[in-house]
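The values are calculated or read from the model by the stated rules, or taken from the named source; none is laboratory data. Predicted, not measured: the structure shown is a model, and the values here were computed from it. Backbone-built Cβ (ideal geometry, glycine too); neighbour counts: all protein chains shown. Accessible surface areas use protein heavy atoms only, side chains included; no ligands, DNA or RNA. Shrake-Rupley method; radii C 1.70, N 1.55, O 1.52, S 1.80 Å.
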Amino acid sequence: MRVIGLMSGTSYDAIDAAAAELDLAGDSLVLRPLGRVSASYDDDLREALAAALPPGTTSMAEVCRLDTLIGQAFAAAAVRADRELCDGRAELIASHGQTVYHWATGGRVHGTLQIGQPAWIAEATGLPVVADFRPRDIAAGGQGAPLVSLVDLLWLRGRPGTPVALNLGGIANLTAPDGTAFDTGPGCALIDAAARGFSGGRLAYDADGALAARGTVHGALLERLLAEPYYALPAPKTTGEELFHLGHLQEALAGFGTLSAEDVIATLTALTARTVADAVRAVHATEVIASGGGTRNPTLMGMLAESVPGIALRTSDELGLPSDAKEAYAFAVLGFLTVHGLPGTVPASTGARHARVLGSVTPGRDGLRLPPPAREKPVRLVLG
């Protein structure tokens, strides 16, 4: 089955569309990557989304408008991916949508909201769309994240030692071989927020880690940031930009006087490296396989490597899964599992009471025609 996975992460910098040929072969799920296309939100939509996200305020009218416009943007990305990557022969779309709120308090998740109305995708492509993946896991008592854990566990099964998969998006998360999975804290979220804040919106992120490389880590500020109670919570746990946003940074900066942008961003980069390293050591990792936009930040990757001496650090590209597209491929897998009647969660990873088939399905142009239910649940993911 040819499946297109659509993903826009907490950095909301672009919509990634990754196409894959997926097949069940006994107890293996075979994934053949077909490529990736990426489309940035236009400036007006990105600014409207940024204004609506926490700690900003919004209205139901604006949520409706964003749901529609993001759905249309996802639809355009899906049409392009079908044309350019699948020669117009895609059979299913799996859309993560855009997370705008993750309702987490006291270590428990009560709800989550991803927008980007899938009806626009189904109408534009004519294909069935699986979307709204996270709520079912939350309804079953889980955190609703990290949902890529199942894919990581299938993919890394059989590797020697204790390999962990690390995603360095806006929020960083990891998955260990025993199923332990959680958000470690900010990946690039605070770095991006500082870059935007110090530049008056001119910069969206610290390109190539250049600002951090010119700065000096401010020890007292780092210690204040590390005092955030989230880091001490036990797994499973999840977080988001509801916590790690510009206001969080501004509160931490109170009383320090005027610090340069370079020093603040260097400190935030060290914060990400430190909290990830603490999590990596906690699960006794022998190897870290990183993916996500943060892998393109050499200053961050260098700080992380220094923080985990003796532990191999590589990117998923080295294992055949493009780091920029890994999450989009993961949601393609989850959509494939859904239409085959297979669960998309690991209770040990999300804290749910039971593994559940995820998502809601929007029929395509020809109605809803699902494949026969799978007879066997895959235990490994093989790249073809």
How do 123-132, 147-156 rank on mean C-beta neighbours within 10 Å, highest first? 147-156, 123-132
With all protein chains present, how much of the accessible area of the stretch 247-327 (probe radius 1.4 Å) comes from carbon and sulfur, to the nearest whole percent? 51 percent
Computed FRET value (nearest 0.05) for Asp87 with Arg365, which takes r as the C-beta separation and R₀ as 22 Å: 0.75
Determine the share of the stretch 142-190's accessible area contributed by carbon and sulfur atoms, expressed in whole percent, with a 1.4 angstrom probe. 51 percent
If we restrict to alpha carbons, what Rg and Dmax does the stretch 223-359 come to, in Å? 17.8, 57
Computed label-point distance, nm, for sites Ala305 and Glu62 using a 7 Å Cα→Cβ extension: 4.2 nm
State the label only: which of [x] 0.98; [y] 1.01; [z] 0.95 corresponds to Rg/Rh (Cα atoms, Kirkwood Rh) computed from the shown model? [z]
Among DSSP beta bridges whose residues both lie in the chain, state the antiparallel percentage, nearest 5. 65 percent
Summing Lys, Arg as +1 and Asp, Glu as -1, what charge do residues with Cβ under 12 Å from the Cβ of Ser8 carry, Ser8 excluded? -2
What value, in deg cm²/dmol to 500, does the helix sum -39500 (n - 2.57) over DSSP H runs of n ≥ 4 give at 222 nm once divided by the residues of the chain? -11000 deg cm²/dmol
When the chain is fully extended, how far beyond the present Cα-Cα distance does Leu203 get from Asp178, taking 0.36 nm per residue of separation? 5.1 nm
Between Leu313 and residues 5 or more places away or on another chain, which pairs have amide H atoms under 5 Å apart, with H built 1.01 Å from N, and which residues are they? Val288
Rounded to whole Å and sorted largest first, list the principal axis extents of the Cα atoms in the stretch 323-371. 38, 31, 15
Percent antiparallel among DSSP beta bridges with both residues in the stretch 46-129, to the nearest 5? 90 percent
Both in Å, the radius of gyration and Dmax of the C-alpha trace of the stretch 1-129 are 15.9, 50
Relative contact order (%) - the stretch 77-195, alpha-carbon pairs under 8 angstrom, separation at least six: 16 percent
Hey, any idea what % of the stretch 6-99's accessible area is carbon plus sulfur with a 1.4 Å probe? 50 percent
Quick query: amide H of Thr184 versus all other amide H atoms, modeled in the peptide plane; which residues come in under 5 Å with a sequence gap of 5 or more or a different chain? Ala172, Asn173, Leu174
Determine the per residue accessible area of the chain with all protein chains present and a 1.4 angstrom probe, expressed in square angstrom. 40 Å²
From the protein chains alone at 1.4 Å, what is the descending order of accessible area for Lys326, Lys377, largest first? Lys377, Lys326
Between Met1 and Arg314, Cβ-based FRET efficiency (R0 30 Å, step 0.05) works out to 0.50
With every protein chain left in place and a probe of 1.4 Å, what is the accessible surface of Thr269, to the nearest 10 Å²? 0 Å²
Which residues in the stretch 276-304 place their backbone N less than 20 Å from a point set 7 Å from the Cα of Ala210 along the Cα-to-Cβ direction? 293-303
Working out 0.36 nm times the residue gap between Thr105 and Leu226, then minus their Cα-Cα distance, what length gain in nm do you get to one decimal? 41.7 nm
For the chain, find the longest principal axis of its Cα atoms and tell me its angle to the long axis of helix 298-307, 0 to 90°, nearest 10. 80 degrees
Crossing angle, helix 261-282 versus the chain [Cα axis fit, 0-90 degrees, rounded to tens]: 60 degrees
